[in-house]
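Taken together, the values in this text are just the output of simple stated rules run on the coordinates, not laboratory data. Bear in mind the structure is a predicted one, so any value in this text is a computation, not a measurement. Using ideal geometry, Cβ is built from the backbone for each residue, glycine included, and neighbour counts are taken over all protein chains shown.
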């Protein structure tokens, strides 16, 4: 399974959108400082995720989350 996810920074209350095959491992990478963008905004908590059969579907959803339409969708649904 593949995942599109939204993380929330506990320190700055900002959000990060991504996709991965191993959600637990990826969250650990974000919180251990291995990801450049998220390193300075730790700690991160998993805020929302969706599960997909293929990497392409998860990546497509991640790109949607990062778009204006995706942002408005997440706001409308009360996710962010």
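A few comments on the model shown:
- When 26, 55, 42 are screened for being free of Cβ contacts under 8 Å to residues at least 60 places away in the same chain and either under 12 Å from the mean Cα position of the chain (by Cα) or crowded, with 18+ Cβ neighbours inside 10 Å (or both), only 26 passes.
- Subset of the stretch 1-49 that is in a loop (DSSP other than H, G, I, E, B) and in contact with a helix residue (DSSP H, G or I) (Cβ under 8 Å, 6 or more places away or on another chain) - its residue that is farthest from residue 71 (Cα to Cα): 33
- Positions within the stretch 61-74 being under 12 Å from residue 5 (Cα atoms) and either assigned to a helix (DSSP H, G or I) or free of Cβ contacts under 8 Å to residues at least 40 places away in the same chain (or both), in sequence order: 61, 62, 63, 64, 65, 74
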